[in-house]
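Only one structure is covered here, and it is reproduced in the block below.
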Amino acid sequence: MCGIVGYVGQQSAGPILLEGLQRLEYRGYDSSGIAVLDRDGALSVLKRQGKLRDLEAAIGVMPPGAAGIGHTRWATHGTPSDRNAHPHASSSGDVVVVHNGIVENYRSLKALLDAAKPERARSWQSETDTEVIPELIARELNQGRSFVEAMRACLGLLHGASAIAAFHRADPSRIYAARKGSAGGIVIGYGDGEMYLASDLPALLPHTATVYHLEDGEIAVVDSQGAVVHRVNQPPLRPVSRQVDLDPVAVARGPYRHFMLKEIHEQPRALSDTIRGRARLDPPSALADEFELSDDQLRSVERVLVIGMGTSLHAAMIGRWWIEQIAGIPADFDNASEFRFRAPVIGPSPLVVSVTQSGETIDTLGAMDHVRDRWGAPQIVITNVEGSEATRKADASILLRCGPEVGVASTKTFVGSLAALYLLACRIGRARGVLDDGELTERLEQLLTAPSLVERGLELSKRCKEIASSYTGAANFLVLGRGIEHPIAMEAALKCKEISYVHAEGYAAGEMKHGPIALLDQQFPVIALATRGPLFDKMMSAIQQVSARQAPVIAIGDEGDAELAELADHYIGVPPANDLLTPFALTPVIQLLAYHIALARGLDIDQPRNLAKTVTVE
Ligand code: M6R
């Protein structure tokens, strides 16, 4: 989703801004722009629809100036176009702004500004909600306010979450940042005689590991020597920065053609790292350290609700299954965007677990607020991003150790989230006395096989590629699974949709005959997940029903399963796993199938159209 960068120092700002934006490309965007200010107040604003290379080509010779802001836009209000791209300036051209988030009341604010200055009506330069922001700041400045006061007044008028970077043409020595709500973050980066702004850490990577994350409601004034933060009703202060650990090698694509492929292959490592030290066998313990909720608190929990969106929701569905099976406590899952606008009954004594790889998904953050405001229930977040907004909202965090995930499609963070949920189920089960030493040891030993299950799944890449080549032209897929494999069927369908642009539906196999079967014919391939678990026979019946409609069947089951192989048109054998662990065996295969279909179709796998890595708007 939208990305923000900023720079003030002695170097030429333009190339630094462009490089920072390149590092945010993975978030997904449809247009981009930079604004650079030189010491004499000469302003250059350059924006382009399309990729950053289009912007670079349009810029030609880089404008002079040692202060600037930049943006990658993911359209919400108004089509992707040059004029809707950020930065946006006030009508005077003095105040320049880039913005993440949505101004929900922008229509009424436009009307307010138009009414105050009728001659300005119809002079809006874009269709965006953002354009009201520089205009509102300029209006406040005209009333004699300082820039910080003007930003504060502007924030007070905006409905919805916003993250803003800005500057004033008259002052090339400063850039400003502000945050209201959870529209993604703003990070201030500390250099030597130069300072940076970014919505995400990767943009700061080559420059600095010393950062400050702006908190909700803070406004920062940044010059080449540092930053001063303004909070409501408090004196300005120099914030305490901290060191972050970002390995530059980890964000490079290495020998892989796409980040997604690299990240699929990093899954065994991501899993081992996430599990390391958290699944101890002698004596057995799960998540014993670094976990802020006590056994007493976990013992008093009577119901667990797991929430998330997209791939994280599919992890939540599997987490629900494990919490019921392993911890023996009622559990449910919910789509965060729906949950937050209902009045669900989640008690008594609930524990809410949010799964969000980015920790910045607005739907999930909104649901966490809903939980806090309505029930004050204890909350745990499972996330890959330390310091993300979700970690600040939760009472306890389980941090994945997957390393940066650049591909828009979640892969290694999915298996990492699964490992964290499994460990959490063990921890709750242990705290509640459901698992004795022997049972806990057995559960943990099973989890410790997960990295090798995934590793062996990766060896099936060639087979996945062969099968994918037969279905490059398919317009639809139905993906069937049962029990704990049903969420994997949904994840398979999501992957087909998002990177292969193939319409796909993930269904519980028992549901097929209640409607979807009407779709089936020779042109409608069905992917069937059918490992030898308790529901294998039921899956075999479903496959028979598919075959009877002459729909091609791609079956994924245990390796060496001759019966399944015979029934299917194509068969992929994954390593046999314990019934609770089959998601780990199946996941690499469904990811690789979607990847190879997308590859054969020549699609932009790491940055699929219309998608964003972190969804910070509703
Ligand atoms: O950062 P989150 O895990 O909260 O993101 C949730 C979804 O937006 C995300 O899983 C999305 O569905 C991915 N593109 C899936 O690959």
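The values are calculated or read from the model by the stated rules, or taken from the named source; none is laboratory data. Predicted model only: the values in this text are computed from it and were never measured. Cβ coordinates were reconstructed from backbone atoms using ideal geometry, including for glycine residues, and neighbour counts include every protein chain displayed. For accessibility, only protein heavy atoms count, side chains too; no ligands or nucleic acids. Shrake-Rupley method; radii C 1.70, N 1.55, O 1.52, S 1.80 Å.
Among the listed residues Thr472, Thr531, identify the single one that is of a type in the set (S, T, N, Q) and buried (at least 17 other Cβ atoms within 10 Å of the Cβ). Before the answer, list the steps.
On the way: Thr472 fails: buried (at least 17 other Cβ atoms within 10 Å of the Cβ).
Sole residue among the options that is of a type in the set (S, T, N, Q) and buried (at least 17 other Cβ atoms within 10 Å of the Cβ): Thr531.
Between Ala163, Ala203, Ala138, which is part of a strand (DSSP E or B), buried (at least 18 other Cβ atoms within 10 Å of the Cβ) and in contact (Cβ under 8 Å) with a residue 24 or more places away in the chain?
Numbers: Ala203 fails: part of a strand (DSSP E or B); Ala138 fails: part of a strand (DSSP E or B).
Checking each option against the conditions leaves just Ala163.
Scan Val45, Val61, Val96 and give me the residue that is over 21 Å from the mean Cα position of the chain (by Cα), open to solvent by less than 50 Å² (accessible area, probe 1.4 Å) and of a type in the set (Val, Ile, Thr).
Answer to the selection: Val96.
Output the number of residues of the stretch 383-395 satisfying the condition of being hydrophobic (A, V, I, L, M, F, W, C) and within 9 Å of the ligand (Cβ to nearest atom). Write out each step before concluding.
Of all residues in the stretch 383-395, those hydrophobic (A, V, I, L, M, F, W, C) come to 385, 390, 394.
Within this subset, residues satisfying the condition of being within 9 Å of the ligand (Cβ to nearest atom) are 385, 390.
Total satisfying the criteria: 2.
Could you tell me which numbered condition Ile398 fails, if it satisfies all but one of (1) within 16 Å of the ligand (Cβ to nearest atom); (2) touching a helix residue (DSSP H, G or I) at 6+ places or on another chain (Cβ under 7 Å); (3) open to solvent by less than 30 Å² (accessible area, probe 1.4 Å); (4) under 26 Å from Cys496 (Cβ atoms)?
So Ile398 meets the others, but not (4).
Which condition breaks for His230 when tested against (1) modelled with pLDDT under 90; (2) open to solvent by 30 Å² or more (accessible area, probe 1.4 Å); (3) more than 30 Å from Leu592 (Cα to Cα)?
It fails just one condition, (1).
What strands (runs of 3 or more DSSP E) lie completely within the stretch 284-367 and have 3 or more residues being away from the ligand (no atom under 16 Å from the Cβ) and over 19 Å from Ser417 (Cα atoms)? Reasoning before the result, please.
On the way: elements: 284-286, 303-308, 331-335, 350-355.
No strands (runs of 3 or more DSSP E) qualify here.
Sort out which residues of the stretch 75-90 are surrounded by fewer than 23 Cβ atoms within 10 Å (Cβ to Cβ) and out of contact with any Asp or Glu (no Cβ under 6 Å at 6 or more places or on another chain), and write them in order of number.
Thr76, Thr79, Ser81, Asp82, Arg83, Ala89
It is to be established whether one or more residues within the stretch 175-182 are modelled with pLDDT of 95 or more, touching a Phe, Trp or Tyr at 6+ places or on another chain (Cβ under 9 Å) and open to solvent by 10 Å² or more (accessible area, probe 1.4 Å).
Looking through the stretch 175-182, at least one residue is modelled with pLDDT of 95 or more, touching a Phe, Trp or Tyr at 6+ places or on another chain (Cβ under 9 Å) and open to solvent by 10 Å² or more (accessible area, probe 1.4 Å).
Filter the stretch 503-544 down to the residues that are closer than 30 Å to Lys613 by Cβ and without any contact (Cβ under 8 Å) to a residue 40 or more places away in the chain, then identify the one that is farthest from the ligand (Cβ to nearest atom). Steps first, answer last, please.
In the first step, residues of the stretch 503-544 are kept if they are closer than 30 Å to Lys613 by Cβ; the result is 503-508, 525, 527, 529.
The next check asks that each one be without any contact (Cβ under 8 Å) to a residue 40 or more places away in the chain; those that pass are 503-508.
Working: His503: 16, Ala504: 13, Glu505: 16, Gly506: 13, Tyr507: 18, Ala508: 20 Å.
Per the criteria, the residue is Ala508.
Kindly indicate whether Arg320 is charged (D, E, K, R), without any contact (Cβ under 8 Å) to a residue 40 or more places away in the chain and over 15 Å from Ile398 (Cβ atoms).
On the way: charged (D, E, K, R): yes; without any contact (Cβ under 8 Å) to a residue 40 or more places away in the chain: yes; over 15 Å from Ile398 (Cβ atoms): yes.
Considered against the rule, which asks whether it is charged (D, E, K, R), without any contact (Cβ under 8 Å) to a residue 40 or more places away in the chain and over 15 Å from Ile398 (Cβ atoms), Arg320 comes out as yes.
Under the condition of being open to solvent by 10 Å² or more (accessible area, probe 1.4 Å) and closer than 22 Å to Asn578 by Cβ, which residue from the stretch 287-326 is nearest to the chain's Cα centre (by Cα)?
The qualifying residue nearest to the chain's Cα centre (by Cα) is His314.
In the stretch 567-585, is there at least one residue being within 16 Å of the ligand (Cβ to nearest atom) and open to solvent by less than 10 Å² (accessible area, probe 1.4 Å)? Spell out the reasoning first.
Initially, the stretch 567-585 is screened for residues within 16 Å of the ligand (Cβ to nearest atom), giving 583.
Those still in the list that are open to solvent by less than 10 Å² (accessible area, probe 1.4 Å) too: 583.
Within the stretch 567-585 (the criterion being within 16 Å of the ligand (Cβ to nearest atom) and open to solvent by less than 10 Å² (accessible area, probe 1.4 Å)), the answer is yes, since at least one residue qualifies.
If you go through the stretch 435-443 one residue at a time, do you hit one that is at pLDDT 95 or above, surrounded by fewer than 23 Cβ atoms within 10 Å (Cβ to Cβ) and not in a helix (DSSP H, G or I)? Don't jump to the end; show me each part of the working.
Step one: list which residues in the stretch 435-443 are at pLDDT 95 or above, which gives 435-443.
From what's left, surrounded by fewer than 23 Cβ atoms within 10 Å (Cβ to Cβ): 436-439, 441-442.
If we keep only those that are not in a helix (DSSP H, G or I) too, we end up with 436.
For the stretch 435-443, residues at pLDDT 95 or above, surrounded by fewer than 23 Cβ atoms within 10 Å (Cβ to Cβ) and not in a helix (DSSP H, G or I): present.
Given (1) assigned to a loop (DSSP other than H, G, I, E, B); (2) touching a residue at least 12 places away in the same chain (Cβ under 8 Å), where does Leu424 come up short, assuming only one miss?
Answer for Leu424: the failing condition is (1).
Criterion first (touching an Asp or Glu at 6+ places or on another chain (Cβ under 8 Å), modelled with pLDDT of 95 or more and open to solvent by 30 Å² or more (accessible area, probe 1.4 Å)) does Arg238 satisfy it?
Numbers: touching an Asp or Glu at 6+ places or on another chain (Cβ under 8 Å): no; modelled with pLDDT of 95 or more: yes; open to solvent by 30 Å² or more (accessible area, probe 1.4 Å): yes.
Criteria not met by Arg238.
Given the structure, is Glu405 of a type outside the set (S, T, N, Q) and within 12 Å of the ligand (Cβ to nearest atom)? Before you say what the answer is, go through the steps one by one.
Numbers: of a type outside the set (S, T, N, Q): yes; within 12 Å of the ligand (Cβ to nearest atom): yes.
Taking the combined requirement at face value, the residue satisfies it.
Please verify whether the stretch 263-271 includes one or more residues that are among the small types (Gly, Ala, Ser), in a helix (DSSP H, G or I), surrounded by 13 or more Cβ atoms within 10 Å (Cβ to Cβ) and at pLDDT 90 or above. First the steps, then the outcome.
Within the stretch 263-271, the first condition is being among the small types (Gly, Ala, Ser), and the residues that meet it are 270.
This time we only want the ones that are in a helix (DSSP H, G or I), so: 270.
If we keep only those that are surrounded by 13 or more Cβ atoms within 10 Å (Cβ to Cβ) too, we end up with 270.
This time we only want the ones that are at pLDDT 90 or above, so: 270.
Yes, some residue in the stretch 263-271 is among the small types (Gly, Ala, Ser), in a helix (DSSP H, G or I), surrounded by 13 or more Cβ atoms within 10 Å (Cβ to Cβ) and at pLDDT 90 or above.
Can you pull out the residues in the stretch 471-502 that are within 16 Å of the ligand (Cβ to nearest atom) and in a strand (DSSP E or B)?
The initial filter retains those residues of the stretch 471-502 that are within 16 Å of the ligand (Cβ to nearest atom), namely 479, 487-502.
Once the filter is applied, which keeps residues that are within 16 Å of the ligand (Cβ to nearest atom) and in a strand (DSSP E or B), the stretch 471-502 yields only Val479.
Filter the stretch 327-343 for residues that are farther than 18 Å from Leu494 by Cβ and among the hydrophobic types (A, V, I, L, M, F, W, C); which is surrounded by the fewest Cβ atoms within 10 Å (Cβ to Cβ)? Before the answer, list the steps.
Quick first cut of the stretch 327-343, residues farther than 18 Å from Leu494 by Cβ only: 327-332, 339-343.
If we keep only those that are among the hydrophobic types (A, V, I, L, M, F, W, C) too, we end up with 327, 329, 331, 339, 341, 343.
Details: Ala327: 23, Ile329: 18, Ala331: 22, Phe339: 20, Phe341: 10, Ala343: 7.
Across the stretch 327-343, the extreme among qualifying residues is Ala343.
Just to be sure before I move on: is Ala178 in a strand (DSSP E or B), under 27 Å from Glu618 (Cβ atoms) and touching a residue at least 12 places away in the same chain (Cβ under 8 Å) in the structure I sent? Talk me through it step by step, then tell me what you get.
Values: in a strand (DSSP E or B): yes; under 27 Å from Glu618 (Cβ atoms): yes; touching a residue at least 12 places away in the same chain (Cβ under 8 Å): yes.
Taking the combined requirement at face value, the residue satisfies it.
If only one of Ala598, Ala577 is among the aliphatic types (A, V, I, L, M) and part of a helix (DSSP H, G or I), which one is it? Before you say what the answer is, go through the steps one by one.
Values: Ala577 fails: part of a helix (DSSP H, G or I).
After applying the criteria, what remains is Ala598.
Results for (1) among the basic types (Lys, Arg); (2) closer than 28 Å to Arg23 by Cα; (3) within 15 Å of the ligand (Cβ to nearest atom); (4) in contact (Cβ under 8 Å) with a residue 60 or more places away in the chain, shown as yes or no for each residue.
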| site | (1), (2), (3), (4) |
| --- | --- |
| Arg372 | yes, no, no, no |
| Val381 | no, yes, yes, no |
| Asp437 | no, no, no, yes |
| Thr449 | no, no, no, yes |
| Glu455 | no, no, no, yes |
| Ser469 | no, no, no, yes |
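Given the conditions (1) under 22 Å from Glu266 (Cβ atoms); (2) open to solvent by less than 20 Å² (accessible area, probe 1.4 Å); (3) in contact with a Gly (Cβ under 7 Å, 6 or more places away or on another chain); (4) within 11 Å of the ligand (Cβ to nearest atom), and given that Ser417 satisfies all but one, which numbered condition is not satisfied?
Going through the list (1) under 22 Å from Glu266 (Cβ atoms); (2) open to solvent by less than 20 Å² (accessible area, probe 1.4 Å); (3) in contact with a Gly (Cβ under 7 Å, 6 or more places away or on another chain); (4) within 11 Å of the ligand (Cβ to nearest atom), Ser417 breaks only (3).
Only one of these conditions is not met by Val546: (1) within 20 Å of Gln591 (Cα to Cα); (2) out of contact with any Lys or Arg (no Cβ under 9 Å at 6 or more places or on another chain). Which number is it?
(1)
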